[in-house]
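This report refers to the structure that appears directly beneath it.
FYI, it's all coordinate maths here, none of it is from the lab. Small disclaimer: the values here were computed from a predicted structure and weren't measured. In this analysis, Cβ positions are derived from the backbone assuming ideal geometry, glycine residues included, and neighbour counts consider all displayed protein chains.
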Amino acid sequence: MLERGEVANSWRRERWDSFRLLTPNWQTRLPGLSYEGPDPDGYMTMDEVTGFVERFAAVSRAPVRTRTEVTSVRPAADGYHVTTSRGEIGCRTVVIASGACNRPVVPPFHEAVPSSVEQLTPFDYREPGQLPDGGVLVVGASATGVQLAAELRRSGRPVILSVGEHVRLPRTYRGRDVLWWMDASGVWDQRYDEVDDLTRARRLPSPQLVGTPERATLDLNALTAMGVELVGRWAAVRDGRALFSGGLRNVFSLADLKMERLLGTFDEWAAATGRDAEVGPPERFAPTAVPASARLQLDLRGGEIRSIVWATGFRPDYGWLDVPVVDEKGRLRHDGGVVDGPGMYALGLPVLRRRRSTFIHGIESDAREVIDHLARYVAQGSNIRK
Amino acid sequence: MTTAANGVNVQALLDAREALKGSPEAAQFVWRATTKWRNGVHSTTTVKEYFGLGQEQSHKTETVFDADHPEVFAAEDNGITPIEYLLVGLASCLTAGVASVAQNRGIQLRSVEATLEGAHDIRGILGADSDVRNGFNGIKVTFTIDADASKQEIEALVAQSQKRSAVFDALTNPTDVTVEVA
């Protein structure tokens with residue numbers, strides 16, 4: 001196992017200070033290692049996550065070579081040739097577990113933003129004090145965007161949040177964590193080959209959730225109540241002005257309708273499986289409130305905004321992979337973790353084999369199935385599929 | 001896949017989507033219109049040819065659109081105003097979207113009607129107040145849909161239609177427009 005830094009490196013280095021997991025502690029488990037602390041319904045801080053992953057490395061006795069950065073993987077006569085910062089390795093098979101969030105994605109028009117406005121990605125951001133005083137434009141309303149917008153607003157700054165398509169969820173539903181419902185009702189069990197539009201499922205933004213001791217919901221209504229101003233998707237920069245989409249109402253409608261449908265499936269499941277008595281009564285939430293007049297443009301030179309935080313998603317980085325298995329969009333071509341190259345595999349990608357693959361505990365069944373394929377490949381030494 | 005009969009060949013659209021994933025160049029269309037000034041603020045615009053799927057294409061028939069201003073603008077009212085054509089485009093695009101999405105979801109439509117209102121402060125175009133924009137201040141579309149579906153499913157049709165609408169996008173997001181003299 002090759003690790004460019006330390007065990008749990010990206011959790012240590014690529015998250016902001018207040019970051020907590022979205023999954024409750026009881027759900028944060030790895031094969032043979034579960035949370036045993038006093039707060040099963042809480043959410044791990046970064047220190048707790050790195051401690052958890054370190055414990056797993058120890059109990060699983062994983063042969064991790066730390067501070068070993070892979071700079072190239074290329075085909076060789078009998079497998080692959082791997083070049084690392086600590087030498088060369090030959091291997092018959094490779095499992096790519098480098099994740100889906102190696103680089104922040106920022107739209108090209110960021111170059112047209114005046115230099116008087118400071119720009120940060122979530123990889124740069126640690127805490128509000130690092131930003132200049134004054135207004136902040138947070139771009140993107142997935143988990144990262146809503147969390148940073150809330151934190152920056154609480155620091156006393158005026159915050160504008162640019163909102164495109166997003167996934168709205170309540171933190172708790174009928175008295176249970178919403179991710180308990182995803183797990184128990186079987187939504188997360190849906191297999192990658194049963195999903196209608198797999199490309200879309202794999203690109204779905206993270207839900208508007210935050211893990212806090214209060215188990216508070218952090219949807220757009222919560223942000224509006226805090227005084228965050230909502231604007232549409234940022235479409236372009238023209239003459240030093242940010243231009244926002246006028247389609248805000250529809251992204252609200254899409255997210256509200258999808259949440260309603262999801263809660264409906266939870267209710268149907270609870271009724272069908274006789275769980276109604278264990279949980280609270282069905283709930284419905286107010287539609288996302290549309291601002292009286294969402295502005296369509298913002299003068300970036302006027303001083304109202306001093307900084308921009310781009311919470312516009314992440315992409316994987318396969319720059320080191322000298323094997324033609326990456327598509328024109330920069331995504332790995334794979335079928336449930338079986339990569340389109342002999343003896344090459346992937347783990348830890350969104351909806352790899354199931355919807356739960358996106359989460360820490362999703363790795364267990366994925367790893368068993370992918371490694372089962374790998375073991376057969378090694379045993380047979382031939383091009384088996386599936 | 002579906003039993004609804006809304007008259008949309010969804011399978012052809014889905015097949016095209018798959019086919020064009022692998023050949024983005026064939027997906028590049030150019031829509032065209034040519035306009036002739038008549039008199040006053042009256043003009044006629046002709047639409048027939050366009051480019052797509054890698055070659056020149058043509059509508060079955062040529063269509064000519066008259067545009068003018070109404071009598072309250074001291075004009076002859078030989079046709080609707082140019083800005084009303086935006087409502088025509090938006091309404092027909094969203095309605096086509098509703099039918100397509102309904103077909104794809106197996107929802108039988110019985111009637112779909114849309115009413116559009118574009119709020120327009122004409123002090124902008126008259127130059128009477130430089131703080132007033134020339135275009136619409138806002139557009140409101142109200143759909144009345146009778147279909148074999150719940151209210152929520154109908155709302156989802158309308159939302160998905162907006163999500164995939166060319167004209168909704170063109171009106172809600174900025175577009176780079178070049179105007180030059182030949």
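Structure above, values below:
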read-out: Lys pairs, chain B - Cα-Cα below 29 angstrom, 8 or more residues apart or on other chains; value: 11
read-out: Cut-off under 5 Å, modelled amide H: who pairs with A:Thr172 long-range; value: A:Val178
read-out: Linear extension gain, A:Thr83 paired with A:Thr265, 0.36 nm per residue minus alpha-carbon span; value: 60.7 nm
read-out: The range B:81-173 shape via C-alpha gyration tensor axes, a/c threshold 1.5; value: prolate
read-out: Evaluated at q = 0.07, 0.12 Å⁻¹: base-10 log I(q)/I(0), Debye formula over Cα of chain A; value: -0.36, -1.04
read-out: FRET E, pair B:Arg110, B:Thr45, Förster distance 35 Å, beta-carbon r, rounded to 0.05; value: 0.55
read-out: Antiparallel bridge percentage (DSSP; both residues within the protein assembly as shown; nearest 5); value: 70 percent
read-out: Charge dipole of the range A:104-313 about the Cα centre (unit charges at C-beta), most positive-ward option of A:Leu254, A:Ser293, A:Leu230; value: A:Ser293
read-out: Value at 222 nm in deg cm²/dmol, rounded to 500, when DSSP H runs of n ≥ 4 in chain B each add -39,500 (n - 2.57); value: -10000 deg cm²/dmol
read-out: Cα gyration tensor shape of the range A:244-386, rounded if a/c is under 1.5, else prolate or oblate by comparing a/b with b/c; value: oblate
read-out: Dipole in debye (nearest 20) - the range A:104-313, about Cα centre, beta carbon charges: Lys, Arg +1; Asp, Glu -1; value: 460 debye
read-out: Signed unit charges on C-beta, dipole axis of the range A:104-313, positive-most listed residue A:Thr199, A:Ala143, A:Gly186; value: A:Ala143
read-out: Assigned charges on the beta-carbon of Lys, Arg, Asp, Glu; the protein assembly as shown dipole about Cα centre (debye); value: 1360 debye
read-out: Whole-angstrom gap from the range A:157-211 to the range A:49-99, using each part's C-alpha centre; value: 31 Å
read-out: Cα shape, the range A:104-313, gyration tensor, a/c 1.5 rule; value: prolate
read-out: Chain A: calculated mean residue ellipticity at 222 nm from DSSP helix runs of at least 4, using -39500 (n - 2.57); value: -7500 deg cm²/dmol
read-out: Axial C-alpha extent at least 30 Å, average Kyte-Doolittle at least 1.0 - helices from chain B (DSSP); value: B:82-104
read-out: In order through the range A:45-56: 3J(HN,Hα) via Karplus (6.51 cos²θ - 1.76 cosθ + 1.60), integer Hz, x for Gly, Pro; value: 7, 4, 4, 5, 5, 5, x, 5, 5, 4, 4, 5
